[in-house]
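The values are calculated or read from the model by the stated rules, or taken from the named source; none is laboratory data. Because the structure is predicted, anything quoted here is derived from the model rather than measured. Cβ: placed from backbone, ideal geometry, glycine included. Neighbour counts: every protein chain shown.
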Amino acid sequence: MWTLNSRACASIASCLFASCAVAAPVYSNNFESGTTGFTSAGVLPALTRFSLPTDGGGLNSANHSMWLGRLGYNVAKSVSSKEIVNLTVSNLVPGTSYTVSFDLFIGASWDGAASGYGMDAWYFSVDGNRLVDTSFSNGDQGTDFGAYSPQRYTDTHYNTTSGPDVKSFTGAEFFRKDGPGYSGYYGIYYFSHGAGNPVLTFVASGTSAVLEWARYSGPGSFGDSSDEYWALDNVLIDGQLGAQCTGDLNADNQVDDADFSIFVIAYNILDCADPSMPANCPSDFNHDGVVDDADFVLFVPAYNDLLCP
């Protein structure tokens with residue numbers, strides 16, 4: 001049961017009778033209603049949305065959401081082609097650090113660094129600077145794939161496309177290997193949220209920046225299967241400050257009634273997969289997929305301290 005002090009209760013009461021304004025992120029999209037701001041490039045056709053699972057329950061899981069995807073599905077793979085989506089974000093403050101978070105879905109027969117079938121590589125960049133440049137594999141040699149097919153990505157940091165080797169699905173929040181064939185194989189990876197995952201930041205050099213997500217083939221690939229695809233969800237670009245201080249949900253460097261008001265709304269929604277939940281579920285401080293009493297316990301000390309460290 002919650003025990004709220006008078007300062008917090010007063011905040012709830014005031015929100016019942018007035019609009020409680022909160023700071024908005026630079027950009028956010030959970031793709032439930034559209035793909036606003038995103039454009040396709042390289043060999044990708046026009047962008048679409050596709051319903052995909054948000055957990056490891058398989059393609060028929062009861063927990064689905066709309067993703068930007070399936071990117072690259074039925075598109076021929078070759079060394080000379082890239083599958084690219086771009087997003088230009090504006091209203092940035094030069095010299096300010098921003099955090100980019102998103103979910104990445106890697107579907108079907110990605111071969112990692114397999115000789116002849118790979119490199120199945122992927123990168124994320126800001127203004128041409130690659131913050132992630134790695135490969136993913138959905139199968140292991142002798143179990144799923146005949147060729148040695150290691151990943152480069154790990155759950156504590158990203159690696160370059162040159163190594164070291166790690167097993168398939170390393171770092172995935174969720175994964176599944178259902179047939180027929182490789183059609184039901186997938187892994188879901190979190191960036192800038194979730195335990196142990198890399199936090200991606202950039203410093204704005206101007207008032208806008210171009211973000212690019214891309215799948216590409218390494219120099220050893222002869223042109224691999226067109227069944228491979230990827231997807232994006234819960235894209236959020238925000239000031240780094242808010243991500244570094246637990247409870248500071250409006251990124252004003254303090255945890256106060258305004259943050260409490262935001263938290264209460266998320267607490268009442270509960271499930272991070274609910275379409276009405278704010279993108280990236282920022283009130284889920286322990287990253288367990290729900291906003292509940294466990295998160296409130298983490299919120300209270302920050303609220304009592306008021307100022308971010």
Can you find a residue that is buried (at least 19 other Cβ atoms within 10 Å of the Cβ), assigned to a loop (DSSP other than H, G, I, E, B) and at pLDDT 90 or above anywhere in the range 285-293?
yes
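Among Ser261, Ser205, which is more than 21 Å from the chain's Cα centre (by Cα), within 30 Å of Ser162 (Cα to Cα) and either in the same structural domain as Ser135 (by TED's automatic domain parsing) or at pLDDT 90 or above (or both)? Steps first, please.
Details: Ser261 fails: within 30 Å of Ser162 (Cα to Cα).
None of the other options fit; the residue is Ser205.
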Give the residues of the range 150-188 that are in contact (Cβ under 8 Å) with a residue 40 or more places away in the chain, closer than 24 Å to Ser115 by Cβ and not in a loop (DSSP other than H, G, I, E, B), sorted by residue number.
Phe175, Tyr185, Tyr186, Gly187
Please find, within the range 35-79, the residue that is surrounded by the most Cβ atoms within 10 Å (Cβ to Cβ) out of those that are in contact (Cβ under 8 Å) with a residue 24 or more places away in the chain, farther than 15 Å from Ile188 by Cα and of a type in the set (Gly, Ala, Ser).
Gly72
Please specify each residue of the range 132-147 satisfying the condition of being surrounded by fewer than 17 Cβ atoms within 10 Å (Cβ to Cβ) and in a strand (DSSP E or B).
Gln141
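Taking Ala251 as the residue in question, decide whether it is assigned to a loop (DSSP other than H, G, I, E, B) and either crowded, with 17+ Cβ neighbours inside 10 Å or at pLDDT below 85 (or both).
Numbers: assigned to a loop (DSSP other than H, G, I, E, B): yes; either crowded, with 17+ Cβ neighbours inside 10 Å or at pLDDT below 85 (or both): yes.
Criteria met by Ala251.
Could you check how many residues of the range 15-33 are at pLDDT 75 or above and at negative phi? Show your work before the answer.
The initial filter retains those residues of the range 15-33 that are at pLDDT 75 or above, namely 25-33.
Subset that is at negative phi: 25-30, 32-33.
The qualifying residues number 8.
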